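The values are calculated or read from the model by the stated rules, or taken from the named source; none is laboratory data. Every value quoted in this text rests on a predicted model; they were computed, and no experiment measured them. Glycine gets a Cβ as well: all are built from the backbone with ideal geometry, and neighbour counts include every protein chain shown.
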Amino acid sequence: MNADFSKGKYFSPLSFRIAGVTTALSAIILLLLNNLLSDSSLLTNLILSLSAAFLIGITVYFISYRIHSDRLGALKKITKNITKKRFEDYANLNSDQKDELDYLVKQSVRASRTVEREIQRLNKIENYRKEFIGDISHELKTPIFAIQGFVETLLNGALEDSEVNRVFLNKTMRNVNRLIYLTKDLMEISKLETGELKSSLQDIYLWEIISDVVESLQYKAQKENVDIHVKDFDKNLQVRVDRNQIRQVLINLIENGIKYNRPGGHVEINVEQHPHEPDKINVEVKDTGIGIESKDLSRVTERFFRVDKSRSREKGGTGLGLSIVKHIMEAHGEKITIESEPNKGSVFSFTLTKSEYFPVRS
Ligand SMILES: Nc1ncnc2c1ncn2[C@@H]1O[C@H](COP(=O)(O)OP(=O)(O)O)[C@@H](O)[C@H]1O
Ligand SMILES: [Mg+2]
């Protein structure tokens with residue numbers, strides 16, 4: 001064992017106790033033997049036996065000390081470090097004596113690693129929680145203060161002014177709606193992040209669910225003068241997914257395609273066989289919109305990240321849509337990729353697994 005941990009020599013009560021017992025036993029045995037085998041006086045025998053026993057005791061002390069001092073030092077250091085929440089790499093502790101002490105040292109190193117990992121995990125959760133609460137309060141502030149302002153203005157006389165009272169009430173309503181979207185998305189994301197929302201997989205016809213989502217978004221698309229088109233694919237194609245979650249993914253992606261588009265633009269949904277994995281299909285949501293600069297591309301799935309905050313807010317965005325999409329994809333064990341070119345458009349594509357590749361359920 002590497003002696004890094006035992007700094008200098010120290011007095012070992014354990015070795016002292018072993019040496020003490022050995023000295024006493026040796027003294028008795030030697031005295032008995034001397035008395036039996038030699039003709040010397042009792043006093044001489046006593047002095048001889050005690051001296052020999054003392055020498056044996058000292059030798060035993062040092063041997064015992066050598067055997068365990070390094071490893072006891074290591075144990076002391078490891079446990080002290082754990083108490084102080086200090087973690088080191090104990091890779092230099094290699095011993096091949098294979099006794100109880102070795103076992104204890106190895107167990108302590110293992111315990112130190114476990115505690116370290118657990119503390120890191122808890123710190124991560126704690127940081128995440130702090131950040132999340134900070135983000136939420138920030139997001140809630142804007143609509144709440146706006147509502148407060150409009151209601152105050154109404155109470156201060158605008159209520160009686162038939163020219164502006166409806167305008168202020170409509171603005172108040174828009175902000176209340178914002179709070180509702182935000183709460184809905186926050187509940188969804190917190191359920192996804194805590195793992196409370198388990199995906200319940202079932203076989204569904206993909207064509208059916210896509211048509212359904214497109215139909216429900218048609219009104220929004222028309223309002224923005226954007227055309228949605230689903231490219232023809234096998235209507236019997238079934239995928240094994242959580243119906244509500246995949247619906248949510250499609251809504252979030254298609255809605256973004258509409259919101260971040262230009263008047264007269266298009267959103268196209270394409271379903272194709274995955275080029276490399278026979279059990280998968282690729283679903284593509286492609287738009288001819290404003291696109292995303294490459295520096296922002298990796299950040300769009302972060303919570304509350306928005307390239308243009310005011311545009312997103314104006315269109316009722318919360319900055320949580322893509323974050324929800326990413327979580328759902330992860331829960332399904334599928335991949336999402338984003339390609340985009342500013343002023344040209346974006347392609348969001350994700351994989352899904354075909355039902356026929358799942359074992360038949362009895
Ligand atoms: N299809 C798209 N085209 C251009 N930008 C997009 C597109 N989809 C998302 N983004 C950008 O990514 C940001 C995050 O998207 P999302 O999480 O859905 O939030 P939200 O739509 O509520 O703002 C958007 O604010 C927008 O800046
Ligand atoms: Mg969105």
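Out of (1) crowded, with 18+ Cβ neighbours inside 10 Å; (2) within 25 Å of F233 (Cα to Cα), what's the single condition that is false for H276?
Among (1) crowded, with 18+ Cβ neighbours inside 10 Å; (2) within 25 Å of F233 (Cα to Cα), the lone unmet condition for H276 is (1).
Give the number of residues within segment 162-206 that are in contact with a Leu (Cβ under 8 Å, 6 or more places away or on another chain) and touching a residue at least 60 places away in the same chain (Cβ under 8 Å).
Number of matching residues: 6.
With (1) touching a residue at least 40 places away in the same chain (Cβ under 8 Å); (2) more than 30 Å from the chain's Cα centre (by Cα) as the list, and P275 as the residue in question, which single condition is left unmet?
It is condition (1) that P275 fails.
Could you say whether any residue in segment 24-43 is in contact with a helix residue (DSSP H, G or I) (Cβ under 6 Å, 6 or more places away or on another chain), in contact (Cβ under 8 Å) with a residue 24 or more places away in the chain, over 25 Å from R117 (Cβ atoms) and surrounded by 12 or more Cβ atoms within 10 Å (Cβ to Cβ)?
Checking segment 24-43: at least one residue is in contact with a helix residue (DSSP H, G or I) (Cβ under 6 Å, 6 or more places away or on another chain), in contact (Cβ under 8 Å) with a residue 24 or more places away in the chain, over 25 Å from R117 (Cβ atoms) and surrounded by 12 or more Cβ atoms within 10 Å (Cβ to Cβ).
Across segment 187-206, what is the number of residues that are in contact with a strand residue (DSSP E or B) (Cβ under 8 Å, 6 or more places away or on another chain) and part of a helix (DSSP H, G or I)?
1
Sort out which residues of segment 289-313 are within 15 Å of ligand 2 (Cβ to nearest atom) and acidic (D, E), and write them in order of number.
Selection gives D296, E302, D308.
For R247, indicate whether it is surrounded by 16 or more Cβ atoms within 10 Å (Cβ to Cβ), more than 10 Å from ligand 1 (Cβ to nearest atom) and without any contact (Cβ under 8 Å) to a residue 40 or more places away in the chain.
Taking the combined requirement at face value, the residue satisfies it.
For segment 315-324, state whether one or more residues are away from ligand 2 (no atom under 12 Å from the Cβ) and assigned by TED's automatic domain parsing to the domain that holds R243.
So far as segment 315-324 goes, no, none of its residues is away from ligand 2 (no atom under 12 Å from the Cβ) and assigned by TED's automatic domain parsing to the domain that holds R243.
Across segment 325-362, what is the number of residues that are surrounded by 14 or more Cβ atoms within 10 Å (Cβ to Cβ), more than 22 Å from the chain's Cα centre (by Cα) and away from ligand 1 (no atom under 16 Å from the Cβ)?
Residues meeting the conditions: 6.
In segment 325-341, how many residues are in a strand (DSSP E or B) and either modelled with pLDDT under 95 or not assigned by TED's automatic domain parsing to the domain that holds L297 (or both)?
0
Could you please find all residues in segment 259-284 being assigned to a strand (DSSP E or B) and not charged (D, E, K, R)?
Passing the criteria: H266, V267, I269, N270, V271, Q273, I281, N282, V283.
Taking into account only those residues within segment 285-324 that are among the β-branched types (V, I, T), over 19 Å from the mean Cα position of the chain (by Cα) and assigned to a loop (DSSP other than H, G, I, E, B), which is farthest from ligand 1 (Cβ to nearest atom)?
T288
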